Structures are given as structure tokens and as C-alpha cells.
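Read the structure below first, then the notes.
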Amino acid sequence: MSTKYVDFAITVLEKTDRGYPVRVESRAGEDKSLLQLDVGAQPFQDDLQRLREFDTDEPLLTRLGQTLYDALFQPPVSSAWRSCRDGLEADEELRIKLIIEPEELSTLPWELMCDPDGYPLASTYSIVRYLPLPRPIPPMKVEPPLRILCVVSS
């Protein structure tokens, strides 16, 4: 039996005077929120610098992960998340799709997000990033006959 993915799409838009607008689209519906994260705060920058230097330990990774989670999963995003997570069928898995437009946020290590208990989301859920493309992808031209090479490892 194959796994079906249920998408939980989060889009973070460019900063306004109130914060970064967030849109969520999921099985639970669509909603909006604000992400408020001071990326210039010295403690946060110190943690990012340690990460860049590979000077990491579990408390650092958990602290960074919880900071990012708390900033992104504000109500009503957190309510939609719980609703989606709790409504999964046995053959379904939740996939977090991140579309982060502001450059200052797109380079942050969102894959480190930890839930309020300090448990990494990436250990249970797929976290994928979608990058906005400046133009549509042109269709690929193929001349028949189409030949496909498939390689399977065991």
C-alpha cells in the first residue's frame, strides 16, 4: 500500500509594518496569520553563527527549532496544523510545504523546527521548500518513441 501525502502549505510573504504575512492552505481550510521574528536579534544571530561554524549541540538545535516553530505556527496556523495532523488516515502522511519569499527568512534552517515539546518535526513529517520561479517552466519536448531507464537498488 502506498503512502498518500496530505499537504500543509505555508506561504510567508514580504514584511509589512506589522510583521510577515503568512497564508496556510490545508485540508483544514485556508487561513492567515503573522510571523513575527526578529532575525537581527543578537541571541538569534549568535545561534545561527554557531550553526554555520558547526559548533552545535542538542540544546542549540532545539532552541533554534523552537524559535522558528513558535514564530511560524501562530494561531490560527497552529489550529489548522493540529486539525490536519489529528485528522490523518492510517495510510496518510503530513507534508509541510514551505514557500518563503523574504530573502532574510528563506535562508533560515526551517528544517530544524521543533514542536513545543522539543521534538523535531522533520523526524516525523516531510518538510519541503518551494522556490518561486521568475517564469513558467516550458514543457519538455520529446520525440517518440520514449525510452525510460529505471534503476532499482536492493
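What follows is calculated from the coordinates using simple rules that are stated; it is not laboratory data. Here the structure is a predicted model, which is why all the values come from computation and not from measurement. All Cβ positions, even for glycine, are placed from backbone atoms using ideal geometry, and neighbour counts span all protein chains on display.
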Of the candidates F44, F54, F8, the one satisfying the condition of being surrounded by 12 or more Cβ atoms within 10 Å (Cβ to Cβ), farther than 13 Å from L105 by Cα and among the aromatic types (F, W, Y) is F8
Looking at segment 68-85, can you tell me whether even one residue there is part of a strand (DSSP E or B) and either loosely packed, with under 15 Cβ neighbours inside 10 Å or of a type in the set (D, E, K, R) (or both)? no
Looking for whichever is over 20 Å from I127 (Cα atoms), in contact with a strand residue (DSSP E or B) (Cβ under 7 Å, 6 or more places away or on another chain) and of a type outside the set (D, E, K, R) here; the options are G65, G19. Which one fits? G19
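Evaluate segment 139-153: report whether one residue or more is under 19 Å from R23 (Cβ atoms) and not basic (K, R).
So far as segment 139-153 goes, no, none of its residues is under 19 Å from R23 (Cβ atoms) and not basic (K, R).
Looking at P102, P139, P75, P116, can you tell me which residue is more than 23 Å from Y5 (Cα to Cα) and more than 18 Å from the chain's Cα centre (by Cα)? Can you show your working first?
On the way: P102 fails: more than 18 Å from the chain's Cα centre (by Cα); P75 fails: more than 18 Å from the chain's Cα centre (by Cα); P116 fails: more than 18 Å from the chain's Cα centre (by Cα).
After applying the criteria, what remains is P139.
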Restricting to segment 78-123, name every residue that is out of contact with any Leu (no Cβ under 8 Å at 6 or more places or on another chain) and within 17 Å of L61 (Cα to Cα). T107, E111, P116, D117, G118, Y119, L121, S123
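Residue-by-condition table, conditions (1) over 18 Å from T11 (Cα atoms); (2) of a type in the set (D, E, K, R):
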position: T56; (1), (2): yes, no
position: R63; (1), (2): yes, yes
position: Q66; (1), (2): yes, no
position: Q74; (1), (2): no, no
position: E101; (1), (2): no, yes
position: L108; (1), (2): no, no
position: P116; (1), (2): yes, no
position: I148; (1), (2): yes, no
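Residue by residue, here is whether (1) touching a residue at least 12 places away in the same chain (Cβ under 8 Å); (2) outside any helix (DSSP H, G or I); (3) under 20 Å from F44 (Cβ atoms) holds:
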position	(1), (2), (3)
L98	yes, yes, yes
L105	yes, no, yes
D117	no, yes, no
P136	no, yes, no
M140	no, yes, no
Only one of (1) touching a residue at least 60 places away in the same chain (Cβ under 8 Å); (2) surrounded by 16 or more Cβ atoms within 10 Å (Cβ to Cβ) fails for W110. Which number is that? (1)
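Residue-by-condition table, conditions (1) over 20 Å from D86 (Cα atoms); (2) part of a strand (DSSP E or B); (3) of a type in the set (D, E, K, R):
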{"position": "Y5", "(1), (2), (3)": "no, yes, no"}
{"position": "A9", "(1), (2), (3)": "no, yes, no"}
{"position": "K15", "(1), (2), (3)": "yes, no, yes"}
{"position": "P21", "(1), (2), (3)": "yes, yes, no"}
{"position": "E30", "(1), (2), (3)": "no, yes, yes"}
{"position": "P43", "(1), (2), (3)": "yes, no, no"}
